[in-house]
Structures are given as C-alpha cells and as structure tokens.
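The values are calculated or read from the model by the stated rules, or taken from the named source; none is laboratory data. Predicted, not measured: the structure shown is a model, and the values here were computed from it. Quick reminder, even Gly has a Cβ in these numbers, built from the backbone with ideal geometry, and neighbours come from all protein chains shown.
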Amino acid sequence: MDNDLTEKANEYIQKMPSLPTSVSKVLEVCNDPKLSPADLNYVISLDPVLVGRVLKLINSAYYGMDKRVTSLVRAIIMLGINTVKNLALSSTVMSHLSSKRDPKGLSMQGFWQHSLCVGVTAKLLAQQRGVNPKLVEEYFTCGLLHDIGKIPLNTILSKEYLVTVKKADDLQISLSKAEEDTLGINHCTMGSLIVDAWKLQGAVGDVIMHHHTDYQGQYKDILYTVAVANWFASFKGIGFSGNRYPENPSYEIWGDLGLRQEALFDLISVVNKELEKARIFLRI
C-alpha cells in the first residue's frame, strides 16, 4: 500500500465515528457467562436510540413474532442474549457506515443488498446444518458485515475503485485479486483497521479480516459458512459487491461444512423469501 493510500486510510479511520459506549458495553458484558437478560436490558436501556433500533428489528417480519413486543427484557428472553447482542451490533455498524453519498466505484445500495443476502444465506445454512439456535444469529451478523472493508476503499478512492471493479470484470478475476493488483491492498486488510478501531473481537472480527484467506481459527465454521454464502450471493448476482467472478470455495470448505453446490442452489427460493423480510435492516 503506497504512502498516499495509507495516509487516506488512516485519516478515514480517525474520522470514523466511534461505536457508541452502549454498544461497546453490550459486546463487553455479553462475554460474561453469568450475564442475565436483566443485565443486558440495563445496558441497552441506557441508549434510547439503540432500544428503538432493536425493538424495530424484533417486531419486523424477519423475526415473525405473533404479538408485538414492547418490552426490551421480554425481547431478550424470547430471542436470546446472543441474538439481541448481534442486532445491536449489526444495526449500529450499518448506521455508522451508511452514507447518502454514493461513490462512483460501488453502489452502496447494491453493496448492502449483497451483504444482506450473504447474512441471510449464512443463517439458513447454519439452521439447515443443525447449528445451535442460540448461535445462528452470529452467522447472519458475520455475513452482513463481512465486506465492510470495501467501504473505506470505495469512499476514499472512488475513481480508483471504479477502475479496480472494472479490472476484475475485464480480466474475469475476483475483486480481492484486482484490489491487490491495482491498489496494493484488499478489503480484508482495510477491514482489519475497522476491526481494530472498533474492537470487534470474536467471530465478526475474524470474518471481516479473513474471509478470503486460509483460516484455521476457532470461528472456522462461521467463516467457512460465510465464505460459501458470499460465493453464492456473488454467483447468483443478488446485489452487487464488485465481485462478478468469485473464487469457488475450496474442497476443504465444502467438505468441512458437508455441503454440495447443488444443494445450495436448491435454497434460492427460500433465500429470496427471507431476503425480502430482512430488508428491514436497510431501513433502520
């Protein structure tokens, strides 16, 4: 990465708004195995905006509640601590990184549509494979946020990123490869700066930084699932993240997850149905 890009990247990260104290505290307290719904309710309740976001999402068609939920603690009990934690994180990150200005390189509407599809597909795959219901929301959040490293590149290097996306198309290579060839950095490396700035530890941080690398860490199942979901969303052209020629996940990834491409394509109608419900995330 040249000095000019390094300077622009650091300037972007420094100007980026910090995560609200309430969200940082939510992430911190959720690491405590003794945490109770009342404890989480107390932390989130300190931020009325966050309470509003979480309740809006919980009462959306995506979660399909029979009756409207007006009590945050009731929502935590019904959906679980992990789900509410991930709702707080994903809604805040999206609001902080969304912009009314649409850079030339990549349409942000297409970007978030792609990201949403990856999250929905990753969650469906987790459910299909029998992952603990308390953990499946983590798959959605990691899928939703996996590509946020593209946002600084797309914002601070709008013209250059347009050239990069075009190069990926012209040479029929992955966007990650085109980024490295053209800019000297890819979106995973740029994402690591956001992860460090916001202290996004755990699965979501690892997925943002390593979803295009050979990863053998403790969140391998989540990362591999997101990698497959990412390939699927790009291959099917749902939304657009600049990657029309995604690299097929390795045999190891397919084998570890016990998945076949054919079975994945059978999910398309379910993905589209769930994607429609999940569009609430684009309006928070």
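Output the number of residues of region 226-284 satisfying the condition of being aromatic (Phe, Trp, Tyr), touching a Ser or Thr at 6+ places or on another chain (Cβ under 9 Å) and crowded, with 16+ Cβ neighbours inside 10 Å. Outline the logic, then answer.
Pass one, region 226-284, residues aromatic (Phe, Trp, Tyr): 231-232, 235, 240, 245, 251, 254, 265, 281.
Within this subset, residues satisfying the condition of being touching a Ser or Thr at 6+ places or on another chain (Cβ under 9 Å) are 232, 240, 245, 281.
Imposing the further condition that a residue be crowded, with 16+ Cβ neighbours inside 10 Å reduces the set to 232, 240, 281.
Of the residues in that region, 3 qualify.
As a summary of the residue check, Ile13 satisfies the conditions (1) crowded, with 19+ Cβ neighbours inside 10 Å; (2) touching a Pro at 6+ places or on another chain (Cβ under 8 Å); (3) under 21 Å from Gly202 (Cα atoms) except for the one numbered (1).
Against the conditions (1) among the hydrophobic types (A, V, I, L, M, F, W, C); (2) surrounded by 17 or more Cβ atoms within 10 Å (Cβ to Cβ); (3) in contact with a Leu (Cβ under 9 Å, 6 or more places away or on another chain), Leu223 satisfies every one except (3). Annotation note: Cβ proximity below 7 Å between a residue of region 61-82 that is in contact (Cβ under 8 Å) with a residue 12 or more places away in the chain and more than 23 Å from Asn31 (Cα to Cα) and a residue that is of a type in the set (Val, Ile, Thr) and in a loop (DSSP other than H, G, I, E, B) (sequence gap 6+ or interchain) occurs for no pair.
Give me the residue from region 156-201 that is in a loop (DSSP other than H, G, I, E, B) and within 30 Å of Val29 (Cα to Cα) and, out of that set, modelled with the lowest pLDDT. It would help to see each step written out before you state the result.
The initial filter retains those residues of region 156-201 that are in a loop (DSSP other than H, G, I, E, B), namely 157, 172-174, 184-186, 199-201.
When the remaining residues are screened for being within 30 Å of Val29 (Cα to Cα), the result is 199-201.
Values: Lys199: 92, Leu200: 93, Gln201: 87.
Per the stated criteria, the residue is Gln201.
List, please: which pairs have Cβ atoms under 6 Å, are six or more places apart or on different chains, and start with a residue in region 129-144 that is free of Cβ contacts under 8 Å to residues at least 24 places away in the same chain and end with one that is buried (at least 20 other Cβ atoms within 10 Å of the Cβ) and among the hydrophobic types (A, V, I, L, M, F, W, C)? Final answer for the pair search is Val136/Ala126.
Hey, among Leu97, Leu35, which residue is under 30 Å from Arg244 (Cα atoms) and among the aliphatic types (A, V, I, L, M)? Talk me through it step by step, then tell me what you get.
On the way: Leu35 fails: under 30 Å from Arg244 (Cα atoms).
Answer to the check: Leu97.
Go through (1) under 30 Å from Ala263 (Cβ atoms); (2) touching a helix residue (DSSP H, G or I) at 6+ places or on another chain (Cβ under 9 Å); (3) without any contact (Cβ under 8 Å) to a residue 40 or more places away in the chain; (4) not hydrophobic (A, V, I, L, M, F, W, C) one by one and return the number of the condition Ser36 breaks. Result: Ser36 passes all but (1). The condition (being among the small types (Gly, Ala, Ser), surrounded by 13 or more Cβ atoms within 10 Å (Cβ to Cβ) and not in a helix (DSSP H, G or I)) is satisfied by just one residue among Gly105, Gly110, Gly64: Gly105. Looking across region 25-46, just one residue is surrounded by fewer than 16 Cβ atoms within 10 Å (Cβ to Cβ), polar (S, T, N, Q) and part of a helix (DSSP H, G or I), and that is Ser45.
Residues checked against (1) surrounded by fewer than 20 Cβ atoms within 10 Å (Cβ to Cβ); (2) charged (D, E, K, R); (3) in contact with a Phe, Trp or Tyr (Cβ under 6 Å, 6 or more places away or on another chain):
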| position | (1), (2), (3) |
| --- | --- |
| Thr121 | no, no, yes |
| Arg129 | yes, yes, no |
| Thr155 | yes, no, no |
| Glu160 | yes, yes, no |
| Leu175 | no, no, no |
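The residue that is modelled with the lowest pLDDT, counting only those in region 67-102 that are under 16 Å from Tyr42 (Cα atoms), crowded, with 23+ Cβ neighbours inside 10 Å and of a type in the set (Gly, Ala, Ser), is Ala75.
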